[in-house]
Structures are given as structure tokens and as C-alpha cells.
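To keep things clear, I will list the structure first and then write my remarks on it.
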Amino acid sequence: MWRETTKHERNLRIWREELESFVPEKILDFHVHILNAGVMPPGETFSCAGHPIAGYDLDDLAADLAELYPGRETRAVCFGLPDPRYDAGRNNAYLAERCRGARFFALRLFDPVGDTPAALEADLRSGAFLGIKPYPDYVRKADINAVEIPEMLPDWAMEIVDAYGALVMLHIPRKARLADPLNQRQIVELAASRRRARIVLAHIGRAYYLKCVLGNLGAIAPLPNVYVDLAMLNNSEVLEYAFGVLDPSRILFGTDAPLALAPGKAVEINDQYTYVTPVPWKLSISDERRKLVFTSFAYEELRAIRKAVERRGLGRDFLRGLFYENGLRLIESVAAR
Ligand SMILES: [Zn+2]
């Protein structure tokens, strides 16, 4: 079994020794991908950090949450897998039907090329979705690094999102990510011009290494409708810095499951980052010589959060907010509109 949960004795030991006393009673994972049957082209698999999977539905998630966080009350914000080759409509329909807003909450994949204002408006009006999940790939540029935020989120879409006070889970584009001045300017413009919309910068703007985050949250931190999630952040220095400059009520726990259940770690080397995994994966350096025993990206993230929290001297209130209350308050405020 590729999933690194407490089903494996080695992870149960980490849970008991390092995490059980630290992780609060209630957990809301704000960043989960769901891939139900029939979304991928027939016969295709998705590479979960090098482990091919045929799908990942809400039943898989429920089972994994129980095994990742034994004894905890868990919830999740879920969205499909943004790939222009996949059937986004089917992915969205499954989540709309199955996430009824008690335990699992849905975001709608948004494709600026394939979507229409009428379809987006109808889906947000239905109340089945908290908001949308755009993605750089949906812009369909030959050079993915040339994509800009307004191309992922055209005006007509943001007008609808704003009208419904809905949420945008934003995976920012461009090579320099959070450190990119154009990204920063466009995030500020977006948040300021669409004040009812809530923008979540996934992965703290994809700042997985220290130089990417240092000095780059100054323009974003004061924006009252901008949040960050911590998905796949395994770097305690990045977190320690972010916890020092961001409003604590706008930091959301998230993992990027199912990816985060795979064995591996994001590591910083010489002002860059890569993933290290036990098996080959297109985004990683892999441990061909089997030198290491791995745990999940999710547990590495929990360890990094713990280290950052301890260094900053942050208390249980901060943790309850981070792991659950901040996200739930955001969900409730969106649902209330
Ligand atoms: Zn993701």
C-alpha cells in the first residue's frame, strides 16, 4: 500500500510520539483533490508522487482521514483534479452531489476557455459549491510559465464570483511564484477590485523555499479577503516566517491529499526546492539506492508546522484556528451569502 498512514507501524509511532499531543481535536483540510470514476481518459492513471492511482473518491478520503489522524474529527474542502484533458463536468457533478456541506465542502473546477457565464452562475447559485478552483493549465498556453492570473480568472468569471461572495482557490502561475512582482500586483488588484470574493493562495503562493517567501508577503498580508493554505509546505522556516507576518485568522491548514499521503518530502537546496521520493516521479529526485525510510508529505507538513509554532511560541488558540476554526468561519461566511 503506497499510502503512508498509521496503518504502517512506522507512521503510527510518529503520530504517537510527535503529533498526537500537538494536533487539535478538530481538523479541516482545506485542500483536497477528488478524482471520481470516469474523469480521466479510459485506461489512464494519475501519478501520486510516482504511485499510479485509478481514482480517489470521497470514500477513499474518509478512510484515509481516519487513518492519518486517529481519533480526530475531520472535515475537508474538496475539488477535482484540474487537467484540461479530464472531464471537469463529471468531476464537479460528483462533488456537487456528494458534498452536502456537513463534512465535505466542494469547490468547482473553473475553465476560462470551456466554461460559460451561464454555467458558472447556475452552479454557484445552486449552493453546491463554495467557490471555484482555476488552474494555470486551463489557460492552454504553450508556455505554462507565461500564464497570468487574469487569464485564469477573466473579468466575467470574477464578476460572478464576487456577486456570490464566493471563494477562489488560487494556484498562482509563473516561475517565481509568490516572489513574482506581476503576480503580487495582480493579486492585490484582484482582491481590491473584488472585495466580496475570498481568495485563498494555495501553498502560500507556492513558496516552498525560504527566499520565495522572505519579504514577499508585505503587500498581501493586509488584504482582508486573502487567505493562504499550507498544502505541501514541509519547510518550517517558510512557515515560521509566514506565521510572523500573516493575520493568524487567515491561515488555513490543507494537505493536497491524495498526493500528501504518498511517501516523500519537499526539500530546499540552494534557494530552490524539489521533492524527494522513494520512487521516480516527474517532480522529484528519487531515492534509487533506498537510503531512506520515508513518511508522508502530510506528516512532514505537520512536523514543520509544529516546529514553526514552537519557535514562534504560538499557543493552542493559534492551532485551533489554523487547523479548523479559520476554515470553518470562512466556509460559514461564504455559505451565509
Ligand atoms: Zn492541489
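Charges only on Cβ, +1 for Lys and Arg, -1 for Asp and Glu: so what's the dipole of segment 9-335 about the Cα centre, in debye to the nearest 20? It would help to have the intermediate numbers written out before the result.
Numbers: 40 positive and 44 negative charges, 109 e Å.
Its charge dipole is roughly 520 debye.
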Sites matching GluC sites (Glu not before Pro) across segment 230-337 that sit in DSSP coil, with at most 14 neighbouring C-beta atoms within 10 Å:
GLU288
Where Lys and Arg each count +1 and Asp and Glu each count -1, what net charge lies around LEU328 among other residues with Cβ under 11 Å from its Cβ?
+2
For segment 142-232 the chymotrypsin sites (Phe, Trp or Tyr not before Pro) that pass both the DSSP coil test and the at-most-15 other-Cβ-within-10 Å test are none
Ranked MET152, MET169, MET40, criterion: other C-beta atoms within 10 Å, fewest first
MET40, MET152, MET169
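Only loop residues by DSSP count here, and only those with at most 15 other Cβ atoms within 10 Å; note down the GluC sites (Glu not before Pro) in segment 2-110 that meet that.
GLU20, GLU25, GLU44
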Choice from ALA128, ALA62, ALA146 showing the highest fluctuation, given a GNM over the chain with Cα pairs closer than 10 Å
ALA146
Suppose every K and R has +1 on its Cβ and every D and E has -1 on its Cβ; what is the size of the dipole of segment 87-154 about the Cα centre, in Debye to the nearest 20?
420
Please state the shape class of segment 9-335: rounded when a/c is under 1.5, otherwise prolate if a/b exceeds b/c and oblate if not, all from the C-alpha gyration tensor.
rounded
Using helices alone, what [θ] at 222 nm do you get for the chain, with -39,500 (n - 2.57) per DSSP H run of 4 or more residues, divided over all residues and rounded to the nearest 500?
-9000 deg cm²/dmol
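Each value in this text was obtained by applying a stated rule to the coordinates, not by laboratory testing. This one's a predicted model, so the numbers in the text were calculated from it and none came from an experiment. Cβ coordinates were reconstructed from backbone atoms using ideal geometry, including for glycine residues, and neighbour counts include every protein chain displayed.
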